[in-house]
Amino acid sequence: MFGFIHESIRQLMIRTYGEAFWLKVLERAGFESGKENIINHYYSDHDTYTIVDAVSVILKVTREQVWEMYGCFLIQYTMETGWDDLIRSMSPNLKGFLDNLDSLHYFIDHVVYKANLRGPSFRCEDNPDGTITLHYYTGRPGLYPIVKGVIREAAKRVFKLDVALSITGRTQRSVQMATGERIEEHVIFLIKTANSNQSNEVALGTTVIQHSNNYKIRLTHTDFITTFPYHMVVDQDCKIVQVGRELYNHIPRDLLNVGTPLMRIFEVTRPQIPLDFDSICNFINAVFVLQVKTTPMEFQRNVTKRASQTVDGNMMDEIDGTTTPLSQSQHLKLKGQMMLMSSGNHIMYLCSPYVTSVPELLQYGLRLTAMPLHDATRDLILLNQQRLSDVEMNLQLEANNEQLENMAKDLEVEKGKTDALLKEMLPASVAQQLKQGLSVDAREYEEATVMFTDVPTFQQIVPMCQPRDIVHLLNELFTKFDRLIGIQKAYKVETVGDSYMSVGGIPEVVEDHCEVICHLALGMVMEARTVCDPIGNQPLHIRAGIHSGPVVAGVVGAKMPRYCLFGDTVNTASRMESHSPIGRIHCSENAKRCAEKTGRFEFEPRGKVQIKGKGEMNTYFLQRSYKRSVWEIIDRKRDENCNSIDGYSELREGYNDDTSTKVTQKNSKTCTVS
C-alpha cells in the first residue's frame, strides 16, 4: 500500500495510545522503530496487514475493529492534510459523495501522486424507502470495515448526519486478469439515517425528480456521433452498437463495425477489471481509461500482408529492393465515464482522448480542432502547455541561477586570491583601506625597528652560477625568511637582490618591536645555514643590521603600490648591515636599548666603529636570547642526539670573529634614505 496509509495508521496510534504504544506495535510487527514512513513510497500489503495484526493483538480486539477505527480516522486525517475543501465540495449529499469516490481515488492516484494503485470501487442504488444500497468492490478482501468507518465519519463531519450501516451481502469471486488470477470481493451495505426526525430521502439525497415526457428532443444518428465524436455504445455482450465519428481516425474501420467485441479493440488501463458488462456495471462510477490495441496503419499492414521480413526483431517493409523499418505509431488512449442507459441493456462510454499536452497531442496525430468546444480537454491541454512553458522557463532560470552562483563562487575564490596577494604586498590594514577605496596617508612612527640582511658572498656566487641556480637559491632562502616573518609577527618590507628588509612596530604599533626583530634575526641566521651554497655546497652565511628610531611609512605608486619606509633609521639600519662581519647580527646602541626594554638578550660590545655617513658609533653584536631558544624561534624540533638544548652553541659556530672586516659595497643593494 501507499506510504500515506502507513503514516495515517501511525498518527492514529500515537494520538490515541501514545508514542510508546506505536513503538511496541512496530517491535511486534518486526519493523525498525527509528525508521519513518515515506509518504510517496510503496509498501507491500503484507507489511500493512502485519502492522494491523500487531495492533489487534496488543489491544486485544478483532482485526475488523481495528480497520473500522482506522476508517473513521482516515477521513479526519485526510481533511487535516489539505483535502478538507475538496471533500466538502464534492456533493451536497451523502449519495453524491459516495458516487464520486471513484473519481476522487483516480485524481489522488494519477494526478497528485502519479501512482497506479488498485483502488476500490463504489456504486450506489436508490431504494424505494429512501435508503441507499452501496456496492463495494475491492481486490483486497477483508478491508470492508474501513468503508463502514469512512462513511460514518464522512456523514458526521461533512453532512452532519448519523447513519446506520448494515451488511446485506458479501461474496468473493476469482477474476482472470492479464496479470493473472485475482480474488475480488463484493460487499453490499444498506445505509439509512439514524435520525428519526429526518427522512432518508432528504438526508441521504435519494429524492427522485420526476421529468415531464410531454416534449422530447430527437437527435439523428449523424447529429449524435458529431456532437459526441468520442463515444461508444455497447450491448450486454460488450459488442459495438454505435461509435463517435472521430474514432474512425484512430481505429480501423473494420473493427468499428457493429457487433465487434469491445475487448478486441481496447485493453483496459484503469480500472484493472475484465472488460465485460457485469464488471463495468460494478465499477460504473470509476474513471475508465481504455487504450487502442491496433492503429489503422498496423491493421492495414496485417490485412494486406505486404512483403516483409524480420531483421533484428524489427518489422521491415520491402520497397524497391531495400528494407526500411516500419514507423512506430502511438496507440490512442481514451478517458471517460461508463453510463448505464435507461434500458439497462446498453452502456455508453462517453470519453475524450487522454492527452494533457501539445507534444502528446501530436504523438497521437491529433489537433486541437479534434476536440469539441464543449470538451474541457481542449482547455486542459492549453493550460498544461502554459504550465509546461512556465516549468521550462523556471528550469532555465534555475540553470541560469546555478550558473550565476557558480560564477559568483569562482569570483569569490579569485577575489580571495587577489586579497591574499594584496595582503602579501601590503600590510593587512593598509590593503583593507585600499579595497574600500580610501586613501592611505603617510604616517610617522615615533619608534620602530628596521633590519637588513644580505648574503656577503653573493657577488662571488653570481658569476659562477647559472641564472636559474641564483633564482633557486634566493627563492629557497627568502621562503624560509618569510616563514619566520609569520612566526614572529614582523612585516616584510621588500627584497632587492640578496637584501631582505623587515620591520617591527609598523604598521601596527607594538611595544616589543625590537624584541621581535632580534628574535627574527637570530632565526634568520640559523635558517640560512640550511641553504647550501651552489659553488662550494657549504651552508650559507648571512649578516644582519638592526637599528631603532623614528620612521615615516606610506604607500607609494598607483599601478603597483608599495609600502615604503623613509627616514634616517632606515639608512642607519642599512649601514649596520653593510658594516657587519659574516654571520653576525650588528646592532646600534638604540637597538640594544630598545631590545632590553621588553626582552632579555646577550649583546657583545664591538666598540666604536667608523660608519660611513655617520661617523663613529657604538655598536654591538647580538649573541643570544634568554627568553627563547633557537629551536623555539625557528619553530623546529631539536635533535636530542646532536643538538644543544638552546641551540646557541650551533649559532656561534658560524660567527666570523674578524671584526676588522672592510665594509662591502654592493651595487645590487639600494636603500631609501630621507
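Laboratory data are not the source of any read-out in this text; all were calculated from the coordinates shown. Keep in mind it's a predicted model, so treat the numbers as computed, not measured.
Across all directions, the average projected area of the convex hull around the alpha carbons of region 221-285 is 4.7 nm². Checked against a 19 Å cut-off, the cross-linked pairs Lys592/Lys637; Lys415/Lys489; Lys293/Lys335; Lys239/Lys293 give Cα-Cα distances beyond that limit for Lys592/Lys637; Lys415/Lys489. Note that region 17-32 has calculated 3J(HN,Hα) couplings of 10, x, 5, 4, 5, 5, 4, 5, 5, 4, 4, 5, 6, x, 9, 6 Hz, one per residue in order, obtained from phi through the Karplus relation 6.51 cos²θ - 1.76 cosθ + 1.60 (θ = phi - 60°); glycine and proline are x. Shape class for region 361-472, computed from the alpha carbon gyration tensor (a ≥ b ≥ c): oblate, with a/c not under 1.5 and a/b at or below b/c.
Under a 5 Å amide H cut-off, with hydrogens placed 1.01 Å from N, His346 pairs with Met341 among residues at least 5 apart or on other chains. When the alpha-carbon atoms of region 555-664 are used, the pair Rg, Dmax equals 17.0, 54 angstrom. Take every Cα pair under 8 Å whose residues are at least 6 apart in sequence, average their separation, divide by the length of region 480-549, and the relative contact order is 24 percent.
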